[in-house]
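Working notes, beginning with the structure itself.
The values are calculated or read from the model by the stated rules, or taken from the named source; none is laboratory data. Just so you know, these numbers come straight off a predicted model, no measurement behind them. Every residue, glycine as well, gets a Cβ built from its backbone with ideal geometry; the counts of neighbours run over all protein chains shown. The area values use the complete protein model at the heavy-atom level, side chains included, leaving out ligands, DNA and RNA. Shrake-Rupley method; radii C 1.70, N 1.55, O 1.52, S 1.80 Å.
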Amino acid sequence: MNITFIGGGNMASALISGLLQQGYGVGQLCVVEINAENRDKIKQSFGIPAVADLAGGMADSDVIVLSVKPQQLFELTQKLAPLLNNQLILSIAAGIRAADLMRWLGGYQRVVRAMPNTPSLVRSGVTGLYSAAGTSASDKKNAESILAAVGSTLWVDDEEMLHAVTAISGSGPAYVFYFIEAMQQAAVELGLSPAQARQLSLQTFAGASKLAGTSDEDAATLRARVTSKGGTTEQAILAMEKNDIKCKITAAIHAANKRSRELSDEFSKI
């Protein structure tokens, strides 16, 4: 399977790195990138072809990964549509619905949408996937294998559920970083050094996530097990409950979901 990435940014680089580690040959991958500096970086980092010419870059491709910014995608599709030759289109451009992408491509049907998140940069991501009606089982398998190079994957049957994926996992790393910020700030206020605050906060998040991921019990049960009656953890949880922290977090995620829908609606007007 030969894969062409259109756009050579961070997510494309993460996918390329993961695919090479999975055994792909440098001759199976190509990047189309208009920025000369980025092309040189791709060549030096991975040893794969990086070209400016769209037609030449996708000539032998089986899969074309659209990894440009959403605002650039419409213009790209106008150049891409006449060049398509039954390749699978895999879009990782946030917010662009499959129906709009297919419309921009003149009715082209073989389209899969993917919503990866930034931990994909360290091969610990999770990606939501949706396949348009014109895709086959092998198309889905190929799309999944590409995104699996940088983490786990899940499929949604309803494309609108990608808004929820965006709100939970796409935006989710920022929520985690925000909580880590707060923990580090409190640690310093309590007298620990910034280095100690960082180590304790990051390792606590990493360890708790690993524990939750390997346990058959849900998060509420695991939390209750740590929260001894009359203990320090109980006081912290009670303070959070008093300030409706859980409600505020869920409200924030609903706000992210709403904004994701609004952005998609805006692109649908093009």
Toy charge model, Lys and Arg Cβ at +1, Asp and Glu Cβ at -1: the chain dipole around Cα centroid in debye, rounded to 20, equals 260 debye
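Give me the number: length gained by fully extending Leu222 to Asp157, i.e. 0.36 nm times residue separation minus the C-alpha to C-alpha distance, one decimal in nm. Walk me through the numbers on the way to the answer.
On the way: separation 65, 0.36 × 65 = 23.40 nm, distance 3.06 nm.
Length difference between fully extended and current span is 20.3 nm.
If you put +1 on each Lys and Arg Cβ and -1 on each Asp and Glu Cβ, how big is the dipole of the stretch 147-270 around its Cα centre, in Debye rounded to 20?
Details: 12 positive and 15 negative charges, 96 e Å.
Roughly 460 debye, rounded to the nearest 20.
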Can you give me the relative contact order of the chain as a percent, contacts being Cα pairs under 8 Å and 6 or more apart? 15 percent
Scan around Trp155 for amide H atoms under 5 Å from its own, H built in the peptide plane at 1.01 Å from N, and keep only partners 5 or more places away or cross-chain. Leu129
What's the center-to-center distance, using Cα atoms, between the stretch 30-88 and the stretch 177-199 in Å? 42 Å
Amide H contacts under 5 Å for Ala50, restricted to residues at least 5 apart in sequence or on another chain and with H modeled in the peptide plane, are Val31
Given a Förster distance of 30 angstrom, what is the FRET efficiency for Ile270 paired with Phe177, based on the Cβ-Cβ distance and rounded to 0.05? 0.40
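Given a Förster distance of 22 angstrom, what is the FRET efficiency for Thr233 paired with Phe205, based on the Cβ-Cβ distance and rounded to 0.05? It would help to have the intermediate numbers written out before the result.
On the way: r = 16 Å, r/R0 = 0.71.
Efficiency computed from Cβ-Cβ geometry: 0.90.
Nearest 20 debye, what's the magnitude of the dipole of the stretch 136-201 about its Cα centre given +1 on Lys and Arg Cβ and -1 on Asp and Glu Cβ? Each step should come with its number before you reach the end.
Working: 3 positive and 8 negative charges, 75 e Å.
Charge dipole, the stretch 136-201, about its Cα centre: 360 debye, nearest 20.
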Peptide ranges 134-142, 110-118, 226-234 listed from the most packed, as the mean C-beta count within 10 angstrom indicates: 110-118, 134-142, 226-234
Please give the direction-averaged projected area of the C-alpha convex hull for the stretch 73-115, in square nanometres with one decimal. 2.6 nm²
Extension gain Asp40-His254, at 0.36 nm per residue separation less the Cα-Cα distance, in nm? 72.9 nm
Which percent of the accessible heavy-atom area of the chain goes to carbon and sulfur, probe 1.4 angstrom? 56 percent
Any idea how far apart Gln109 and Leu190 come out in nm if each label point goes 7 Å out from Cα toward Cβ? 6.0 nm
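Full-extension gain between Gln72 and Thr214, please, as 0.36 nm times their residue separation minus the C-alpha to C-alpha distance.
Values: separation 142, 0.36 × 142 = 51.12 nm, distance 4.05 nm.
Length difference between fully extended and current span is 47.1 nm.
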When we measure straight from the Cα of Lys229, which lysines land under 23 angstrom away, once same-chain ones fewer than 8 places off are left out? Lys242, Lys246
For the stretch 11-134, restrict the atom set to alpha-carbon positions and state the Rg and Dmax in Å. 14.1, 39
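Once you have a ≥ b ≥ c as the square roots of the Cα gyration tensor eigenvalues for the chain, tell me rounded if a/c is under 1.5, and otherwise prolate or oblate according to whether a/b is larger than b/c. Display every interim value, and only then the final one.
Details: a/c = 2.34, a/b = 1.83, b/c = 1.28.
Here the chain falls in the prolate category.
Using helices alone, I'd like the mean residue ellipticity at 222 nm for the chain: each DSSP H run of four-plus residues gives -39500 (n - 2.57), total over residue count, nearest 500.
Details: 12 runs with 143 residues, N = 270.
One gets -16500 deg cm²/dmol as the mean residue ellipticity at 222 nm.
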